[in-house]
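The values are calculated or read from the model by the stated rules, or taken from the named source; none is laboratory data. All figures in this text were calculated on a predicted structure; none of them were measured in a lab. So basically every Cβ, Gly included, is an ideal-geometry build from the backbone, and we count neighbours across all protein chains shown.
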Amino acid sequence: MAIRVLIVDDSATARAVLADILGSDPMIEVVGTASDAYVARDKIVELKPDVICLDVEMPRMDGITFLKRLMHYMPLPVIMVSSLTQAGAKTTLQALESGAVDFVPKPHSHIYDGKDEMRDELISKIKVAAKVKVKQRVLGNTQQANTTSLAETTHKILAIAASTGGTEALKEVLMGLPRNAPGTIIVQHMPANFTGPFAERLNSLCAMEVREARNGDSITPGLVLIAPGDYHMVVRRSGARYYVEIGSGDKVSGHRPSADVLLNSVAKIAGANAIGVILTGMGGDGARGLLAMRNAGARTIGQDEASCIVYGMPKVAYELGAVDIQASLQKISSRILESL
């Protein structure tokens, strides 16, 4: 049975392009389009779509407000369509926090220019979203950071890989870590212009300092470094100092930044002096890197299927034998602290 998709976008051109892209796949049926949230509300009731493709900026009611109400009253898988600007990135992160499964960036000001570029990513994410069981959300729900502290600082390295669903999973894990937790390095699959605002958002919520990594940054206790979008990040060592190196290069395991690139470097440089974590995500990036870490003596943790938005990367890692401990998302931060 085809996946039923409703497209919600105030631009008639964007609706036509998105409908054309999705209509090219025999496993997807575009059951309708809507120009704003109020039209979308009526069509959701009438057409009962499996997935909603939702624009961020719309008249009368913006996409974030509509998404929050949808997740409260009638939870459905939602893929956001967002611009690649800094403002678009911040709004998209709000959407992921509010319950959206994933997002697809509009790569150009004129959507026709990026049609071919969007096609594969949009179709694959719609198919993944159709399998996600979306949970009802309470309007105005808030979370508080964990205030646990370690007995003493440590110079171990914590390396984390995440993709689809990872923005909220990373928030959960990092908010459970104390201010003096090990220096943490992260690959979250995300385009350029998104990782900076993402780091800023996490920095406002977490006890640790969180920022987008810069070339040569030291990996120190209490600091979280997120690989910048469209750049690989690796670990280097100079004497007793660990630091990161940022560079371009071909995509690895289909991604740049690649979790495999980061985790393989951690295995080589830090060995048993590291902890590796693989969170929710589509595909298998990071699984082989995590295996290399485990083979080098590092402790490794994988998110379990029940708590994943997409049990892809952790599943591949588990099946490869790369995972020491499987844990629910809510328990991963405590498992990290126990491993210290």
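Is it true that some residue in the range 302-313 is hydrophobic (A, V, I, L, M, F, W, C), without any contact (Cβ under 8 Å) to a residue 24 or more places away in the chain and assigned to a helix (DSSP H, G or I)?
Yes, because at least one residue in the range 302-313 is hydrophobic (A, V, I, L, M, F, W, C), without any contact (Cβ under 8 Å) to a residue 24 or more places away in the chain and assigned to a helix (DSSP H, G or I).
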Test: Val101 is of a type outside the set (Lys, Arg) and at pLDDT 95 or above
no
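So if I check each of Gly276, Gly321, which one is outside the structural domain of Ser124 (by TED's automatic domain parsing) and closer than 24 Å to Ala181 by Cα?
Gly276
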Might you check whether a residue that is surrounded by fewer than 20 Cβ atoms within 10 Å (Cβ to Cβ), under 19 Å from Lys125 (Cβ atoms) and in contact with a helix residue (DSSP H, G or I) (Cβ under 8 Å, 6 or more places away or on another chain) occurs anywhere in the range 276-283?
yes
Would you mind stating whether Gly284 is under 22 Å from the mean Cα position of the chain (by Cα) and within 24 Å of Glu212 (Cβ to Cβ)?
no
Within the range 28-44, does at least one residue satisfy the condition of being in the same structural domain as Ile79 (by TED's automatic domain parsing), touching a residue at least 40 places away in the same chain (Cβ under 8 Å) and either surrounded by fewer than 19 Cβ atoms within 10 Å (Cβ to Cβ) or farther than 21 Å from Lys131 by Cα (or both)?
no
Check on Met293, within 14 Å of the chain's Cα centre (by Cα) and hydrophobic (A, V, I, L, M, F, W, C):
no
In the range 262-293, anything β-branched (Val, Ile, Thr), farther than 18 Å from Ser339 by Cβ and touching a residue at least 60 places away in the same chain (Cβ under 8 Å) is listed as Thr280
With a cut-off of at least 3 residues that are assigned by TED's automatic domain parsing to the domain that holds Ser307 and among the β-branched types (Val, Ile, Thr), name the strands (runs of 3 or more DSSP E) lying wholly within the range 154-271.
183-188
Tell me, which strands (runs of 3 or more DSSP E) lie completely within the range 1-66 with 1 or more residues that are within 17 Å of Thr91 (Cβ to Cβ)?
3-8, 51-55
